[in-house]
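What follows is calculated from the coordinates using simple rules that are stated; it is not laboratory data. Everything numeric in this text was worked out from a predicted model, so none of it was measured. Note: ideal-geometry Cβ built from the backbone for every residue, glycine included; neighbour counts use all protein chains shown.
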Amino acid sequence: MESIMTLDRVGASYDGKPALEDISMEIFPHSITAIIGPSGCGKSTLLRCMNGLLKEESGAAVSGNILLKGQDIVKMEPEEVRRRVGLVFQTPSPFPFSIYKNMTYALRYYGVKDKKELDRQVKEKLQMAGLYDEVAQELDKSAHKLSGGQQQRLCIARALTVEPEILLLDEPCSALDVKSSSVIEKMLTQLKEKYTIVIVTHNIAQARRISDHVAFLFGGKLIEFAPAKQIFSQPKEEETKAFLEGIYG
Amino acid sequence: MHWQARLTKYWAYLSMGLVTAIILFLFGYVFYRGADTISWEFLTQAPSGAVLGEEGGIWPAIVGSICFTATAIVLGSIPAIATALYMVFYCKNRRIKGLIRMVVQCISGIPSIVLGLFAYSFLVRDLAWGRCILSSGVALAIMILPFIEVRAEKTFHELPPQMVQSSYALGCSRWYTVWNIILPACKGELVSGIILGGCYAMGATAPMIFTGAVAYASVPKSLMEPAMALPMHLYLLLAQGTTSMDTAYGTAFVMMALILLSNLLATIYARRSQKKWKVS
C-alpha cells in the first residue's frame, strides 16, 4: 500500500532542546494510525509537525522531511498544509459562536457563500461526526452549551468541513467520559472509509480497539512502528513490551 | 492564628479601608463643593463675565474635552492594538519583542509636559498645524498608547491558545483569525481598555497647554481649531484665585462625573461581553 504521508528523519526542538529525534514512519491512507507512548515522549509534538503548526510556536524548530503525497510540506503554503492535514485538540475548543457558525467558519473563509451549500455541508459533516441528530433542532445554540463529548464531536465535524486528507487527533478523548469516548471511537472507525486518521493516545486499550498501525514513541524517539496486530501480540522491542505491560506510562 | 498572618490581615484591612475612605472623601468633597454650581445654564452655556468663569457655563469646555479625548482615542488605540496583535500573534523573534516592549515602556515613561513640548515644537510650529485639537490629540494619543497596548496585549495573552490554533488548524490565515476570532473575543476588554485610556487623556492638562487648549473658544467645528478643555479650564480658574473657586469645583464635578461614568460603562461593557464570550 502506498503511503499518503512520509516522515523522513524528522526532528523537533524547543529553544534548542530536542523533543523529537530521527523519526521515520509512514501514514497509510484510509487507516487509523495510533501514536502511543508515556507522557512527555513527544507524541503531541510529532502531531504538530505533521501539519506545520509547530512552526507557529516561538522557539520551536523542525528538521527532516515530511512529504504529503510526495510533496515536501515545507515548500507548500502553511495554510494549504493545514487545510489538507486537519488537527483536533485534546480539550474541545469550539469557537464561542453558535453550532452553525462554528461549522461554517472555515467554509466562509474558503469563499462558500451559498446558503444552501453551507446548510448541506453543515448537515453532512455533523452527520459524519454523529452529532446531527442531537443538535438538528438547535443549530443556533451556542456551541459552549453542548456537553464535552458533543463539543469534541463538533470540533471533529468542524475539522471535516475543509475536506482534509488526513485528520490528526491529539488525545481527543482524554477529557471525556467513557461513554463519550466510545461514541467517538465508533465514529472514527467509520470516518476512516473516507479520511486518513492519526490519533495520539495514551490509552493503550483505545489504540488496541481502533488502530490499524501503531507507532510507539519513547523519549522523543520512535521505538517501534508496526501494524497494530503485530505490535500488540508480538512487540519486538523491550521498551514497547514494558510500556504495553504497564510498567511505565 | 500566627501573629504574622494576623498582622498581614489587619494591614490589608486597614489599607483597604484607608484607600476606600480617601477615594470616597475626595469624590464626596468635590461633588459637595461643586454641586451648588451645577445648573442647566452652567452645563449648556459658554463662559462669560469680566473675569473668566465668573458667569456663564462650561459647555464649550465639555465639548472640547470630548473632542480632544475622541481624537486621542482614535489616534492612540489603532496603533496600540495593532502593536499588541503583532507582539502576541505575529512576532516570533524574542529580541524584536523585547525591543518593542522596551520602546512601549519608554513611551509610558515620558513626562506628559515633554509630550506637550514635542507636539508644540514639531506639530504646532514645524508642521504649522497651529494650536488645534489635532496637535493636542497626537500628544495625548502618544501618552495613552502604552496604556492601551499593555492592556490589549494582556487580553490577547489570556485568550485560550487552542481557540486561535483551531482556526489556524483549519487552514485559515492569521488575518482572518484576527478579525473573526481574536478581535470579537477580546472586544469587551479592548473597548474597556480604550475607554480607560480615554479617561486618562481627558484628565491630562500638560500635553495640551501649548498645543490646542485655550482659555476661551466657542464650540469647535473642526479638528484644526483650538478648543477649551475641562482640565485646562479648571487650571485657569484655580490660577485666578478665590474669585472663581465655585466654578472651579463645578468644573471638577463635571469632569469627575464624566470620568466616573465612562469607567462604569467600560466595566459594564467588559463584563457583559465577557459573559457572552465566556469559554468553558
- Message: Relative to 2.2 N^0.38 Å, what does the C-alpha radius of gyration of chain B come to as a ratio? Two decimals please.
- Response: 1.18
- Which one of B:Ala80, B:Ala21, B:Ala266 has the biggest mean-square fluctuation once chain B is modelled by GNM with Cα springs under 10 Å? B:Ala21
- Query: So, with +1 on the Cβ of K and R and -1 on the Cβ of D and E, and no other charges, what is the size of the charge dipole of segment B:57-276 about its Cα centre, to the nearest 20 debye?
  - Reply: 820
- Query: To the nearest Å, what is the center-to-center distance of segment A:71-90 and segment B:69-139, using C-alpha atoms only?
  - Reply: 38
- Query: According to the Cα gyration tensor, what semi-axes, each the square root of 5 times an eigenvalue, does the equivalent ellipsoid of the protein assembly as shown have, listed from largest to smallest in whole Å?
  - Reply: 60, 24, 23
- Suppose every K and R has +1 on its Cβ and every D and E has -1 on its Cβ; what is the size of the dipole of the protein assembly as shown about the Cα centre, in Debye to the nearest 20? 380
- Task: Looking at segment A:5-244, send over the antiparallel percent of its DSSP beta bridges, to the nearest 5.
- Result: 55
- Item | Computed Kirkwood radius, in angstrom, where 1/r is averaged over Cα pairs of chain A | 18.6
- Query: So what's the back-of-envelope 222 nm ellipticity for chain A, counting only DSSP H runs of four-plus at -39500 (n - 2.57) apiece and dividing by all residues, rounded to 500?
  - Reply: -10500 deg cm²/dmol
- Note on the structure: Kirkwood-based Rg/Rh on the Cα set of segment B:81-153 evaluates to 1.08
- Quick one: Kirkwood hydrodynamic radius for segment A:60-204, alpha-carbon pairs, angstrom, one decimal? 15.9
- What's the longest bit of chain A with no exposed chymotrypsin sites (Phe, Trp or Tyr not before Pro), using DSSP loop states and at most 16 other Cβ atoms within 10 Å as the test? A:111-247
- Can you list the lysines whose alpha carbon sits under 19 Å from that of B:Lys97, skipping same-chain ones fewer than 8 residues off? A:Lys55, B:Lys154
- Message: Give the residue list of GluC sites (Glu not before Pro) in segment A:1-43 that are DSSP loop and have at most 13 other beta-carbon atoms within 10 angstrom.
- Response: A:Glu2
- With a 23 Å threshold on alpha-carbon distance, the violating pairs from A:Lys75/A:Lys123; B:Lys187/B:Lys275; A:Lys141/A:Lys186 are A:Lys75/A:Lys123; A:Lys141/A:Lys186
- Query: Can you list the HN-Hα couplings for segment A:116-127, worked out from phi with the Karplus curve (6.51, -1.76, 1.60; θ = phi - 60°), rounded to whole Hz and with x for Gly and Pro?
  - Reply: 5, 5, 4, 4, 4, 5, 4, 5, 4, 6, 5, 5
- Given C-alpha coordinates of segment B:128-189, what is the ratio Rg to Rh with the Kirkwood estimate of Rh? 1.21
- Task: Calculate the length of the line joining the C-alpha centroid of segment B:204-280 to that of segment B:175-197, in whole Å.
- Result: 25
